[in-house]
Amino acid sequence: MLDGAARARWQNRLLFALLLAPAVVWLGGLIVLPHVELAILSFRERVGPRHYVPSLAQYATFFTEPLYWHVFVRTAWLSIVATLLTLLVAFPIAWIIAKLLRGRAGTTLFMLCLIPFWVSETVRTLGWMILLRESGVLPALLVRLGITPVPVELLYHDATLLVGLVYTSMLFMLIPLVSSLESLDDSLIEAAYDLGANGVDVLRRIVIPHAAPGITAGCIIVFMLTLGNYLTPTLLGGKNSQWFTEQIYTQFITRFNWEEGAAFGFLLLGLSTAIVLVGLRLTGQSFGAVMRDSR
Amino acid sequence: MSATLPAGASDLAADAVVKRFANHVAVDGLSFSVARGSFFSILGPSGCGKTTLLRMIAGLIEPDAGDIAIGGRSMRGIAPNRRPVNMVFQQLALFPMMSVGENVEFGLARRGMKAAERRRRSEAMLERVGLAGAAGKRVDELSGGQRQRVAIARSLVLEPTLLLLDEPLGALDLKLREHMKIELKQLQAAFGTTFVYITHDQSEALVLSDRVGVMNRGRFEQVGTPQDLYYRPQTPFVAGFVGANNRIVGRAGASGDDGTIVVTTPAGWTIRGIPQGPLRPGDGVEAFVRPEAMSLARHPADLPAQQPRHAGVVESLLFDGANSAVLLHEATTQCALRIALPQTGRYADLKPQEHIAFSFDAALVSCFPERGARA
């Protein structure tokens, strides 16, 4: 027979376990198990019908085939550029929402940034296509204004791809930036001015150091989303702007080469992890502190 | 004194400064000057415009009209980072992303001073405020009083003409506040910098200042030494705001030969006092008499012989050591009064409902024309 205290403790533990269970099932069943399966797939080679041997051939293919290589590096590079562009665009907006427009006006602007996310990414991207394709709105406008003699194709360029990626990522940069800028006490900015600082000093010495965890959190989220994005590069970049996720899709679906696809998946995972760690190291942030402060 | 100061000797001069916000006038045509090296306080209730005034001096907001001169130079159109003024903020606003030393060096670095010289000066300054060796500490490792000193050091290291302090003691607990009051006064004396201090706490203003401006609704009611404000208030607002005071409202009666007039409350209690302004019989009067200006006695015969005697009934005793007082009402008219207990501890045993006699000198009763009745 359990006494009262032991019984209460046992009940607490049961409650804790029950509350945690959905997260454990989700993480274990949908993240860990498939990755274990994919890891096994990526380290084997098909030598005959239904006959597989352990091998590093999938990874070797990646390093020996220049196309894969190029797309991999391009994807990483454009993701970094898209992340930095998103930061540059989002920072002034976050500043306006957090510091200049208080109350209703700030909330309204924030809502305006949120509204595009009420429709699916596919619809949003198709919207861009309607605007930018050769027979679309913007090329027609350029002809009407006499800037170009004939409609030009604005889709399928790296620049178009970047526009789409920045647009898709904005909100995920905006949210941590606004919350970190809102927590910046205005008197710190006034005190810096009062002590002789100019606008650049205030930004460099006060605002950015204060917002650093928010900036880092936003950059990590946007970088991960961009690197793993499939829809936007496929629709806006087309065949001219290959994205590494398209390679993975091709291996799994078109070529039915699950082993190669799994290897590519792990390479992408390794790449994003490596770049995030390098980014954290370069800016002197720690992952734990970023996740703690940006909440 | 302030009106006749030569321009060279005043570190701060405001001339008809006005600041309006959407629906009210925060600062309404203020003019005053602060002598070099003095401690000037602006005392007023919250919302009286004192913070707005301080922010205009610092340059964080621009006046709508009028001019502010610092060290004899007009500050119109000069940005806060170019003014010879530094400010200690209400919440101190120390930079949490920097060490104590970096906080103190911040202003020097903005002036382009070399790192070695910066370090030397900031360490010397920290030593002067009693924080030697704290340069490497983080701001959140310091106690409230130490932060206060860092905030002051951070400003004074720039050797400003004027140091502005925006209720810097407000966030501290009572004991520390009392301690920091003394420390601020000593720091000001040691550095000789002109301090402009704003507060809603009349005790801070009285203890610290050489001169105090009592501010109400965007205007100065009175500017003077703490003693002036306390003993010779010029307006009913000052009489009621600075120090504890008994306010007795009534109607003016006949003037006596000794310069006093009779004041009769609506309930019919009659006292005498000195008129402070034109009062004709029948005018509304606000009379003020300090709690410590009144004498208490259990037997009327023990009261000073030449003073009119009154009878009262004790309501409650507020025991607070040397600041103890008794709340009572006049026996027939119920007029409520606060009377300080003698420091000897006599009458500390008064009980509610006890009958007691009290008196006061008519010369210590200030009678003002009733507010609102004035043109």
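Counting Cβ atoms of other protein chains within 10 Å of each residue's Cβ and taking the mean over peptide A:180-193 gives 5. Please build a GNM for chain B, connecting alpha carbons under 10 Å apart, and tell me which residue among B:Val150, B:Val285, B:Val262 fluctuates the most. Looking only at B:Val150, B:Val285, B:Val262, the largest GNM fluctuation is found for B:Val262. Each residue, A:Arg7 and A:Leu19, gets one label point 7 Å from its Cα in the Cβ direction; the gap between the two is 2.2 nm. Per residue of B:72-82, other chain Cβ atoms within 10 Å of the residue Cβ number 2 on average.
Helices meeting the span-like rule in chain B (full DSSP H runs, Cα extent of at least 15 Å along the helix axis, mean Kyte-Doolittle score of -1.0 or higher): B:100-110, B:144-156, B:174-191.
Could you check what % of the DSSP bridge pairs in the protein assembly as shown are antiparallel, to the nearest 5? Taking every DSSP beta bridge within the protein assembly as shown, about 75 percent pair in antiparallel fashion. Between B:Ser255 and B:Asn23, the simple label model (points 7 Å from Cα in the Cβ direction) yields a spacing of 4.5 nm.
Using only the Cα atoms of the protein assembly as shown, build the gyration tensor, take square roots of its eigenvalues as a ≥ b ≥ c, and label the shape rounded, prolate or oblate: rounded if a/c is under 1.5, else prolate if a/b is larger than b/c, else oblate. Since a/c reaches 1.5 and a/b is larger than b/c, the shape of the protein assembly as shown is classed as prolate. Between B:Gln222 and B:Val214, the built amide H atoms are under 5 Å apart, and every one of these is 5 or more places off in sequence or on another chain. Each peptide in A:113-120, A:55-62 gets a packing score, the mean of other Cβ atoms within 10 Å over its residues, and the list from highest to lowest is A:55-62, A:113-120. How many angstrom lie between the C-alpha centres of the range A:112-152 and the range B:273-314? With the range A:112-152 and the range B:273-314 each reduced to a Cα centre, they are spaced 86 Å.
Residues whose amide H lies under 5 Å from that of B:Lys137, counting only those 5 or more places away or on a different chain, are B:Val100, B:Gly101; hydrogens are built 1.01 Å from N in the peptide plane. The residues packed around A:Ile206, meaning those with a beta-carbon under 11 Å from its beta-carbon, carry a net charge of -2 if Lys and Arg are +1 and Asp and Glu are -1. The HN-Hα couplings worked out from phi for the range A:119-134 by the Karplus form 6.51 cos²θ - 1.76 cosθ + 1.60 (θ = phi - 60°) are 9, 6, 4, 4, 5, 4, 5, 4, x, 4, 5, 4, 6, 9, 5, 3 Hz, whole numbers, x standing for Gly and Pro.
Taking B:Leu328, B:Leu94, B:Leu176 in turn, the Gaussian network model of chain B (Cα-Cα springs below 10 Å) assigns the largest fluctuation to B:Leu176.
Above 15 Å, the calculated P(r) of the range A:1-42 contains 60 percent of its Cα-Cα pairs. Compute the separation of the alpha-carbon centres of the range A:1-61 and the range B:148-178 and state it in Å as a whole number. Result: 58 Å between the Cα centres. Shape class of the range B:244-369 from the Cα gyration tensor (axes a ≥ b ≥ c, square roots of the eigenvalues): prolate, since a/c reaches 1.5 or more and a/b is larger than b/c.
When each of the peptides B:115-121, A:75-81 is scored by how many other beta carbons lie within 10 Å of its residues on average, the order from highest to lowest is A:75-81, B:115-121. Each Cα pair under 8 Å and six or more residues apart adds its separation to the average, and for chain B the resulting relative contact order is 15 percent. In summary, the aspartates and glutamates within cross-link reach of A:Lys99, defined as a Cα separation below 12 angstrom excluding same-chain residues under 8 places away, comprise A:Glu182, A:Asp185, A:Asp186. When every Cα-Cα distance of the range B:1-122 is counted in 5 angstrom steps from zero, the calculated P(r) takes the values 2, 9, 17, 18, 18, 14, 11, 7, 3, 0, 0 percent.
The mean number of partner chain beta-carbon atoms within 10 angstrom of a residue's beta-carbon across peptide B:101-113 is 3.
Close amide H pairs (under 5 Å, H built 1.01 Å from N) link B:Ala287 with B:Ile248, B:Val249, B:Gly250, B:Phe368, residues at least 5 positions away or on another chain.
When a/c is below 1.5 the answer is rounded, else prolate if a/b is larger than b/c, else oblate, so apply that to the range A:58-293 with a ≥ b ≥ c taken from the square roots of the Cα gyration tensor eigenvalues. Because a/c hits 1.5 or more and a/b fails to exceed b/c, the range A:58-293 counts as oblate. Straight-distance candidates among the lysines for linking to B:Lys19, with alpha-carbon spacing under 16 Å and chain neighbours fewer than 8 residues away dropped: B:Lys50. Please give, to one decimal in nm, the separation of the simple spin-label points placed at A:Tyr59 and B:Asp15, each 7 Å out from Cα toward the Cβ. Distance between the two pseudo-spin positions: 8.0 nm.
Backbone geometry of the range B:29-43 corresponds, through the Karplus equation with coefficients 6.51, -1.76 and 1.60 at θ = phi - 60°, to 3J(HN,Hα) couplings of x, 7, 10, 6, 9, 10, 6, 4, x, 9, 10, 10, 10, 10, 10 Hz, x marking Gly and Pro.
Each helix, a run of at least 4 DSSP H residues, gives -39500 (n - 2.57); summed and divided by the residues of chain A, these come to -21500 deg cm²/dmol at 222 nm.
Residue by residue, the range A:227-237 carries 3J(HN,Hα) couplings of 4, x, 5, 10, 5, 4, x, 5, 7, 8, x Hz when phi is fed to the Karplus relation 6.51 cos²θ - 1.76 cosθ + 1.60 (θ = phi - 60°); x denotes Gly or Pro.
Values in this text are rule-based calculations from the coordinates and carry no lab data. Nothing here was measured: the structure is a model prediction, and the numbers come from that model. We place every Cβ from the backbone using ideal geometry, glycine too, and count neighbours over all the protein chains shown.
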